[in-house]
Amino acid sequence: MSGVLISETTREERERLVAESLENVDVACDGCAVGIIEMYQDYIDGKKELREVNMEYRARYVSGGEGPGGRGCPLG
């Protein structure tokens with residue numbers, strides 16, 4: 001794998017990249033890991049670049065939506 005862009009990776013590489021990046025998420029947060037993993041599904045599917053997914057999360061967090069589900073946990 002040469003990078004993280006969709007054009008530079010296969011679906012399997014993107015899945016592995018997300019999994020490796022989030023491997024400690026279960027330890028850090030009770031019950032919100034599912035939301036974080038779902039948040040990156042568009043990247044894994046090749047629909048949105050990683051940068052876009054992260055920017056959308058950040059915009060929701062700054063606006064008060066807090067995370068993919070807006071449920072209070074800043075990670076989920």
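Would you mind computing, in nm to one decimal, how far apart the modelled labels at residue 51 and residue 10 are, each placed 7 Å from Cα along Cα→Cβ?
2.6 nm
Under the 0.36 nm per residue contour assumption, what length would be gained going from the current alpha-carbon distance of residue 42 and residue 2 to full extension?
On the way: separation 40, 0.36 × 40 = 14.40 nm, distance 1.99 nm.
Full extension from residue 42 to residue 2 adds 12.4 nm.
5 Å is the cut-off here: which amide hydrogens, built 1.01 Å from N in the peptide plane, fall below it relative to residue 48, excluding neighbours closer than 5 in sequence?
When sequence neighbours closer than 5 places are left aside, the close amide H contacts are 43.
Here, each number is a calculation from the coordinates, and none is a lab measurement. The shown structure was predicted, so the numbers you read here are calculated from the model rather than taken from an experiment. Quick reminder, even Gly has a Cβ in these numbers, built from the backbone with ideal geometry, and neighbours come from all protein chains shown.
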